[in-house]
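Worksheet: one structure, shown below.
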Amino acid sequence: MFGFSALATPVAGVLIERSGEEFFGRRGLSGVLFGATVLAAATSLHEVSSGLTVVIYLNGIAGPATIAT
């Protein structure tokens, strides 16, 4: 599984980079804008997931009380 993931990661990265360049190029925007947007999204994923987990837990949608029942 690790080997597959190790090979899939750079392949997916190249595909994302090429599609992003194409997408932003058709709109007359710089690839730097795409890179900055993807970088910002990727580096904030853990914060988004942590925040959503807290909101779900505090609203009683999931948590010890609902899981035990």
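Which value in nm describes the separation of the simple spin-label points at Thr37 and Ala6, placed 7 Å from the Cα toward the beta carbon?
3.4
Return an integer: the convex hull volume of the alpha-carbon atoms of the chain, in Å³ per residue.
Details: hull volume 9.7 nm³, N = 69.
Dividing the Cα hull volume of the chain by its residues yields 141 Å³.
How far, in nm, would the chain grow between Glu17 and Val55 when pulled straight, counting 0.36 nm per residue and subtracting the alpha carbon separation?
Working: separation 38, 0.36 × 38 = 13.68 nm, distance 3.30 nm.
Fully extending the segment from Glu17 to Val55 adds 10.4 nm.
Could you give each residue of the range 28-34 its phi-based ³J(HN,Hα) in whole Hz, using Karplus coefficients 6.51, -1.76, 1.60 with θ = phi - 60°, and x for Gly or Pro?
After applying 6.51 cos²θ - 1.76 cosθ + 1.60, I find x, 9, 7, x, 5, 5, 4 Hz.
Readers should treat all values here as calculations from the given coordinates under stated rules, not as data from a laboratory. Worth saying up front: this structure is predicted, and the values here are computed from it rather than measured. Note that each Cβ is placed from the backbone with ideal geometry, even for glycine, and that neighbours are counted across all protein chains shown.
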